[in-house]
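Encoded as structure tokens, the structure appears first; notes follow it.
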Amino acid sequence: MDGGIVCDKRYDYFPAPQPPAMSDPITLNVGGKLYTTSLATLTSFPDSMLGAMFSGKMPTKRDSQGNCFIDRDGKVFRYILNFLRTSHLDLPEDFQEMGLLRREADFYQVQPLIEALQEKEVELSKAEKNAMLNITLNQRVQTVHFTVREAPQIYSLSSSSMEVFNANIFSTSCLFLKLLGSKLFYCSNGNLSSITSHLQDPNHLTLDWVANVEGLPEEEYTKQNLKRLWVVPANKQINSFQVFVEEVLKIALSDGFCIDSSHPHALDFMNNKIIRLIRYR
């Protein structure tokens, strides 16, 4: 040996890449808008989608610059990011995109933000002046035909009566209809979806749903495009107009409405045909 240092390449070591520290800056590309924040902020609500993405439980996409990419609305993400930082919902006085922000909060599944938005919408609804709410209800019975699998490769044709409900809702308060949309959900294809997406215009909503049908296989609801109606957070299925009226009255009365004593006729109201409520400020 000549006293020199021999480096055997078989024993070279390279440090493994380290995950970013909780305080290290991370740049996100959200729908083309760049945001810089910390890992601690993004994982501040571990049960959210962002918490899952940035704790390694879900894969993340990268743009051409290496930034984490999320294909969602970039403009309203600032309000979501601020909520992650402060746990407080801060919106400008003239904010006009509550529906969009609510959908984005639902996508990211930041549950405290979803609850804060619901409280904000109640607050805004109560700030409105006089309002009127009119609901016309219709009900019919139809026969539904379906197949029942009795054994492998053995099917039989069956039929059953089905209660079909229709509610036409009009309110001069568009904020109340949004509040209603945050409480009532369609069940379709095994998933719950807010009725807000079915608003025909800001003041008018039409609902069509069915009651549970005894013996009807779950896949038949999807096949025959039969939607059921649920109220949350009570997680109660609405199988009758009586339950529907009770739940809508709870929501409307909590929002400052009261029953119009002059209309409709008492018999119509008791028969669940017409509901008219008013709110005075």
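The values are calculated or read from the model by the stated rules, or taken from the named source; none is laboratory data. Predicted, not measured: the structure shown is a model, and the values here were computed from it. Here Cβ is always computed from backbone atoms with ideal geometry, including for glycine, and neighbour counts include all displayed protein chains. Areas reflect the complete protein model, heavy atoms only, side chains present, ligands, DNA and RNA absent. Shrake-Rupley method; radii C 1.70, N 1.55, O 1.52, S 1.80 Å.
Looking only at residues in the range 194-230 that are open to solvent by 50 Å² or more (accessible area, probe 1.4 Å) and of a type in the set (Gly, Ala, Ser), which one is farthest from residue 157 (Cα to Cα)? It comes out as 197.
Taking the range 235-262 as the range and being in contact with a helix residue (DSSP H, G or I) (Cβ under 9 Å, 6 or more places away or on another chain), assigned to a loop (DSSP other than H, G, I, E, B) and modelled with pLDDT under 90 as the test, the residues that pass are 255, 256.
Would you tally the residues in the range 141-157 being in a strand (DSSP E or B), open to solvent by 40 Å² or more (accessible area, probe 1.4 Å) and farther than 30 Å from residue 275 by Cα? Spell out the reasoning first.
Going through the range 141-157, the residues in a strand (DSSP E or B) turn out to be 141-151, 154-157.
Pick out the ones that are also open to solvent by 40 Å² or more (accessible area, probe 1.4 Å) and you get 141-143, 145, 147-150, 154-155, 157.
Checking the rest, the ones that are also farther than 30 Å from residue 275 by Cα come to 145, 147-150, 154-155, 157.
Summing the residues that are in a strand (DSSP E or B), open to solvent by 40 Å² or more (accessible area, probe 1.4 Å) and farther than 30 Å from residue 275 by Cα in the range 141-157 gives 8.
Checked against (1) of a type in the set (A, V, I, L, M, F, W, C); (2) open to solvent by 50 Å² or more (accessible area, probe 1.4 Å); (3) touching a Lys or Arg at 6+ places or on another chain (Cβ under 6 Å), residue 257 meets all criteria but (2).
Using the structure shown, decide if residue 252 is of a type in the set (A, V, I, L, M, F, W, C) and open to solvent by 30 Å² or more (accessible area, probe 1.4 Å). I'd like the intermediate steps shown before the answer.
Values: of a type in the set (A, V, I, L, M, F, W, C): yes; open to solvent by 30 Å² or more (accessible area, probe 1.4 Å): no.
No; evaluated as a whole, the condition is false for this residue.
Only one of the listed residues (175, 180) is outside any strand (DSSP E or B), crowded, with 19+ Cβ neighbours inside 10 Å and modelled with pLDDT of 90 or more. That residue is 180. Of the residues making up the range 158-172, those that are open to solvent by 40 Å² or more (accessible area, probe 1.4 Å) and either basic (Lys, Arg) or under 25 Å from the mean Cα position of the chain (by Cα) (or both) are 168, 170, 172.
For the range 107-136, which residues satisfy the criterion of being over 23 Å from residue 203 (Cβ atoms) and out of contact with any Asp or Glu (no Cβ under 8 Å at 6 or more places or on another chain)? Break it down stepwise before answering.
Going residue by residue through the range 107-136, those that are over 23 Å from residue 203 (Cβ atoms) are 107-116.
Passing the criteria: 107, 108, 110, 112, 113, 115, 116.
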